[in-house]
Amino acid sequence: MNIVNNLALIITSFGLVIVLLWIGIFKFTPTEAESIVELVKPSPLMGWMYKLFSVQTTSNIIGTSEILTALFLVIGFFFPKAGLVGSIMSALIFFTTCTFMFSTGGFLSKIDGIWVPSELGSFLIKDLTALGASLFLVSHYLSKFE
C-alpha cells in the first residue's frame, strides 16, 4: 500500500472515530437526548425505540452503538476483522442518519427562490460523506480477506 493510501486510511478511520466518539458520548447528556427526538421519532427505522424506551435511554442506546463502532474502528488497525465489523457498523449508522433526510420534515428551505438545505438539512447532509468514508473502510477491510 502506498503512502497516499495509508494516509487516506488513517485520516478516514480517525475522522470517523472522532466523530463517532464525540457524538456518542454527547448522546448521554439530556440536551442531546432531547435534541435528537425530532430526527429519530419520525424515522421508520428508529422511531419505534421511543415506544419501548425513554428519551434518555433511547439516546444512550444510540450513543453506545456509536462508541462501540469507534472502538471497533480503532481495534481494526491491529485486527482487520474488528475493522470490518466497525466499518459495517459505521456504514449502517450513517445510512440510517441519511434516511432522516426523507423522514424528517424541514430538510429543505427556499431562499431567494432556490431550494437549499435548511439548518437541519445542512447538519444531516454531512452524513453522506461519512457514509462514503464508512463504505471506503468496508472495501479496505474486505480486501484483507481476499
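The values are calculated or read from the model by the stated rules, or taken from the named source; none is laboratory data. Since this is a predicted model, take the numbers as computed values, not measurements. In this analysis, Cβ positions are derived from the backbone assuming ideal geometry, glycine residues included, and neighbour counts consider all displayed protein chains.
Quick one: how many residues across region 91-114 are over 12 Å from the mean Cα position of the chain (by Cα), part of a helix (DSSP H, G or I) and closer than 18 Å to Thr129 by Cβ? Total meeting the criteria: 2.
Residue by residue, here is whether (1) of a type outside the set (A, V, I, L, M, F, W, C); (2) closer than 20 Å to Met89 by Cβ; (3) in contact with a strand residue (DSSP E or B) (Cβ under 6 Å, 6 or more places away or on another chain); (4) assigned to a helix (DSSP H, G or I) holds:
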{"position": "Leu16", "(1), (2), (3), (4)": "no, yes, no, yes"}
{"position": "Val19", "(1), (2), (3), (4)": "no, yes, no, yes"}
{"position": "Ala33", "(1), (2), (3), (4)": "no, no, no, yes"}
{"position": "Leu45", "(1), (2), (3), (4)": "no, yes, no, no"}
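The residues on offer are Leu68, Leu52, Leu73, and the sole one that is farther than 23 Å from Leu120 by Cβ and either touching a strand residue (DSSP E or B) at 6+ places or on another chain (Cβ under 6 Å) or crowded, with 16+ Cβ neighbours inside 10 Å (or both) is Leu73. Filtered by the rule that a residue be assigned to a loop (DSSP other than H, G, I, E, B) and either closer than 16 Å to Leu16 by Cβ or polar (S, T, N, Q) (or both), region 66-90 gives Gly76, Phe77. Of the residues making up region 115-136, those that are within 15 Å of the chain's Cα centre (by Cα), aliphatic (A, V, I, L, M) and either at pLDDT 90 or above or part of a loop (DSSP other than H, G, I, E, B) (or both) are Leu128, Ala130, Leu131, Ala133, Leu135.
Find the residue count for region 111-145, including only residues that are in contact with a Lys or Arg (Cβ under 9 Å, 6 or more places away or on another chain) and exposed (fewer than 14 other Cβ atoms within 10 Å of the Cβ).
Of all residues in region 111-145, those in contact with a Lys or Arg (Cβ under 9 Å, 6 or more places away or on another chain) come to 116, 141, 144-145.
So of that shortlist, the ones also exposed (fewer than 14 other Cβ atoms within 10 Å of the Cβ) come out as 116, 144-145.
Residues flagged as in contact with a Lys or Arg (Cβ under 9 Å, 6 or more places away or on another chain) and exposed (fewer than 14 other Cβ atoms within 10 Å of the Cβ) within region 111-145 amount to 3.
The set of residues from region 76-133 being in contact with a Ser or Thr (Cβ under 7 Å, 6 or more places away or on another chain) and of a type in the set (D, E, K, R) comprises just one member, Asp127.
With respect to (1) within 17 Å of the chain's Cα centre (by Cα); (2) surrounded by fewer than 18 Cβ atoms within 10 Å (Cβ to Cβ); (3) of a type in the set (Val, Ile, Thr), the lone exception for Thr57 is condition (1).
Against the conditions (1) under 17 Å from the mean Cα position of the chain (by Cα); (2) among the hydrophobic types (A, V, I, L, M, F, W, C); (3) more than 29 Å from Ser143 (Cα to Cα), Phe72 satisfies every one except (3).
Could you say whether any residue in region 21-40 is more than 20 Å from Gly83 (Cα to Cα), touching a Lys or Arg at 6+ places or on another chain (Cβ under 9 Å) and surrounded by 15 or more Cβ atoms within 10 Å (Cβ to Cβ)? Checked region 21-40: at least one residue is more than 20 Å from Gly83 (Cα to Cα), touching a Lys or Arg at 6+ places or on another chain (Cβ under 9 Å) and surrounded by 15 or more Cβ atoms within 10 Å (Cβ to Cβ).
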